[in-house]
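A quick write-up on the structure given underneath.
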Amino acid sequence: MPNFNARTLPILDLSLLEDGKIDSALVETAEQSLREVGFFVVKNHGVSEELIKNTFAISREFYDQEESVKSQVAMTSSYPYGWEKAEILSQSLTGEGVTPDPKETYNIKVAEPRWPDTPADFKPIVTEYTEAMWQLTKKILHVFAVVLRQPIDFFEDKFPDTIENMTVFRLLNYPHVEPGPDRIRASQHTDYGVLTILAQDNVGGLQVKLPGQDWENVSTPQGCLLVNIGDMMQRWSNDSWRSTLHRVVSLSGASKTNNRRQSMAFFVNPGKNVMIECIGDYKKEGEEAKYPAIRAEEYILGKHYSTIPSIMKK
């Protein structure tokens, strides 16, 4: 098989999943991509293009409202979801950065949502989208389970259908900025949870950095979605899989009049009391666990809180 990198991401064809059986070539491609890049593309994923388009449109409509309206569902220290424009993602990784990333986000805890009053169609459209994301997530987790040498339903009890489930759907809006080389729009970070499913527009700017390599642009082919794993999956695999550093920048060739960017990230996180620890069957013989066990809530919120210091001080 070819070596994968940020410019040649593998494409997983999910039509190869049938009746609980997973094609061996799909498993092989998935495992190689998870070890080498931590990012891959899925096609035949089952999420309609119309639904994706409608969700982007309602997200844009939400962000086009006055800040006084958006702030009615603002993120707070007691409710770390909702709308914000104060996040500094690099704080989760290096503790560096004092200026908020030039973007705004609306974060929905899928199991315990709080909805804005407007736009009127926001709740039904976003609910339909998150339900479609859950169906896609189940397919991807089945593949991961097989790669980890586990039963296909290995992950099912780790994602309870209760308010303890910490999965978050994030709508992102990047207002226009003057284009320039490597101008930061979302500072460098790794994702904290199990996996992320990303839909993005065609403005560009997402970049991935593998060890010892330069930043590389990442785009999504038409009709596909982008997937990457987070820190929890890297811990479960005892560092065999890669939670890869990424960021968003304003590309130097972008429009000087309007390079507004939108994306939608479905952050798949387990139940808050699930223990994240090395899966023994996937370790090399004689290899020790590289991380102590940790509760999912402790890890995720510890990372998240570090990125919103101005909100946590209130």
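Things to note:
- The largest-to-smallest principal axis extents of the Cα set in the range 191-270 are 45, 28, 19 Å.
- Evaluated on the chain, the Kirkwood hydrodynamic radius is 20.0 Å, with distances taken between all distinct Cα atoms.
- Label-point separation in nm, residue 275 to residue 72, each point 7 Å along Cα→Cβ: 4.6
- Stokes-Einstein D in µm²/s, Kirkwood radius over Cα pairs - the range 1-130 at 4 °C with 1.567 mPa s viscosity: 72
- When the residues 114, 170 are ordered by accessible surface, computed with a 1.4 Å probe over the protein chains alone, the sequence from largest down reads 114, 170.
- Residue separation of residue 219 and residue 27 scaled by 0.36 nm, minus their Cα-Cα distance, works out to 66.8 nm of gained length.
- Restricting the range 106-207 to chymotrypsin sites (Phe, Trp or Tyr not before Pro) in coil, as DSSP defines it, with at most 11 other Cβ within 10 Å: none
- For the chain, the relative contact order is 23 percent, taking Cα pairs closer than 8 Å that sit 6 or more residues apart in sequence and dividing their mean separation by the residue count.
- Exposed loop sites are taken as GluC sites (Glu not before Pro) in a DSSP loop (any state but H, G, I, E or B) with at most 10 other beta carbon atoms within 10 Å; the longest stretch of the chain without one runs 97-284.
- Positive minus negative residues near residue 262 (Lys, Arg vs Asp, Glu; Cβ under 12 Å): +3
- Formal net charge of residues neighbouring residue 15 (Cβ-Cβ distance under 12 Å; K, R +1; D, E -1): -1
- Put a plus charge on the Cβ of each Lys and Arg, a minus charge on the Cβ of each Asp and Glu, and nothing anywhere else: the dipole of the chain about its Cα centre is then about 740 debye.
- R0 of 35 Å, Cβ-Cβ distance residue 138-residue 98: FRET efficiency to nearest 0.05: 0.30
- Under 13 Å, Cβ to Cβ, from residue 228 - net charge with Lys/Arg +1 and Asp/Glu -1: 0
- Accessible area per residue in Å² at 1.4 Å probe, computed on the chain: 46
- Heavy-atom accessible area, probed at 1.4 angstrom with all protein chains present, ranks 308, 294 as 294, 308, highest first.
The values are calculated or read from the model by the stated rules, or taken from the named source; none is laboratory data. Quick caveat: nothing in here was measured; it's all calculated off a predicted structure. Cβ coordinates were reconstructed from backbone atoms using ideal geometry, including for glycine residues, and neighbour counts include every protein chain displayed. The area values use the complete protein model at the heavy-atom level, side chains included, leaving out ligands, DNA and RNA. Shrake-Rupley method; radii C 1.70, N 1.55, O 1.52, S 1.80 Å.
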